[in-house]
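Everything below concerns the one structure shown next.
The values are calculated or read from the model by the stated rules, or taken from the named source; none is laboratory data. Bear in mind the structure is a predicted one, so any value in this text is a computation, not a measurement. Cβ: placed from backbone, ideal geometry, glycine included. Neighbour counts: every protein chain shown. Surface areas here come from the heavy atoms of the whole protein model, side chains and all, with no ligands, DNA or RNA. Shrake-Rupley method; radii C 1.70, N 1.55, O 1.52, S 1.80 Å.
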Amino acid sequence: MQNLNRRTFIKNTLLGSAALVAGIRPLVGNSDDLSHLCILHTNDTHSRIDPYPANDPRFPLMGGYARRSAVIAAIRKETNDVLLLDAGDIFQGTPYYNIYGGEPELRLMSMMGYDAATMGNHEFDNGLEGFLKVLPFARFPFVTSNYDFSDTILHGKTQSYLVIIKDNLRIGIYGLGIKLEGLVGRNHFGNTLWHEPVKVAQSIEILLKEEMKCDLIICLSHLGYKNSTPQPDDITIASNTRYTNIILGGHTHTLLDSPEIVPNAIRKKVYIGQTGYGGVRLGRMNVYFNNRNKETFVEAFTTKILKNQES
């Protein structure tokens, strides 16, 4: 059904071009109006650099940074305009982090060509000093919109938002982190201030849409897909925003093989994706955007990271 909808979306766009030639009022737009973006995303890899062993009860022989890199490289060969993002908890979970403090993870992600990431709660496990020590190994920005590091050593080291241009699309990215109090030791986050994520999301998306003129707005969230506590989650953000198109989440280790689609505050679709845990899957969203009428179609799925890159 997704493929049919995609074909229909593209067909209607191209029909608009034919209508222009025939002197008929276009249905959608002309052929130059269609942009495509391939979003690849990960979350909660937790320092799982090597594949899981064959005797692992959940993910035998799955995952691994080298295999993920091969899958990403293959996708880059088949499609242009790839955006590679991570929704946090890159660190903690194997001896690699205990020994090297996150350096290998950031080096390898940089080699894969990540465009941006947000911070999960485990990025604070070695304190602000530990994160700052390995941050230079990341050749991509960390986007953290609701963590205020003004009175810490991380001041100026992260970005509140990011704008990237792909296939003539202006893509705005912002990041939301979970409340640290009660989850992370005070000595690990110091004077970091946490701001309520719904209000931050509403403020940032207006900036990105109305001032930065972004066509597509993506939230990198480490709030959790659906929380059992009163804490805001991805569903909350989707329901209470107007311009955010896609939420790529983490923290709850939720596997969404197909995206959750939630109506926003003005009843438009928000697509929520999350890839589970341990880097065993790579999320993919193919976004088709009609530049003339601003309509968007998204198809999404996850790919298992297996031996020999089988799916």
Near K304, which lysines are there with a Cα under 24 Å away, not counting those fewer than 8 places off in the same chain? K77, K226
Return the aspartates and glutamates within reach of K179: Cα separation strictly under 19 angstrom, same-chain partners fewer than 8 residues apart disregarded; answer none if there are no such residues. D44, D86, D89, E123, D125, D148, D151, E196, D233, D234
If you roll a 1.4 angstrom probe over the protein chains with everything in place, what fraction of the accessible area of segment 93-154 belongs to carbon and sulfur, to the nearest %? 53 percent
Cα centre as origin, Lys/Arg/Asp/Glu Cβ charges: segment 39-197 dipole, Debye: 400 debye
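Suppose all protein chains stay in the model; what accessible area per residue would a 1.4 Å probe give for segment 211-256, in Å²?
Working: 1700 Å² over 46 residues.
Per-residue value: 37 Å².
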Any lysines with Cα under 16 Å of the K157 Cα? List them, leaving off those in the same chain fewer than 8 positions away. K133
Explain nothing, just the number: dipole magnitude of segment 163-291 about its Cα centre with +1 on each Lys and Arg Cβ and -1 on each Asp and Glu Cβ, in debye rounded to the nearest 20. 120 debye
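In percent, how large is the relative contact order of segment 36-131, given Cα pairs closer than 8 Å and 6 or more residues apart?
Relative contact order comes out at 33 percent.
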I want to verify the translational diffusion coefficient of segment 47-126 in µm²/s; compute it with Stokes-Einstein, Rh as the Kirkwood radius over Cα pairs, at 25 °C and 0.890 mPa s. 179 µm²/s
Where does the charge balance sit around A138 when Lys and Arg score +1, Asp and Glu -1, over other residues with C-beta under 14 Å from its C-beta? -1
Computed, not fitted: 222 nm per-residue ellipticity of the chain from DSSP H runs ≥ 4 (each -39500 (n - 2.57)), nearest 500, equal to -7500 deg cm²/dmol
Reduced to Cα centres, the span from segment 88-160 to segment 238-311 in Å works out to 23 Å
Would you list the P(r) distribution for the chain, with all Cα-Cα distances sorted into 20 Å bins from 0 and each bin expressed as a whole %? 33, 56, 10, 0
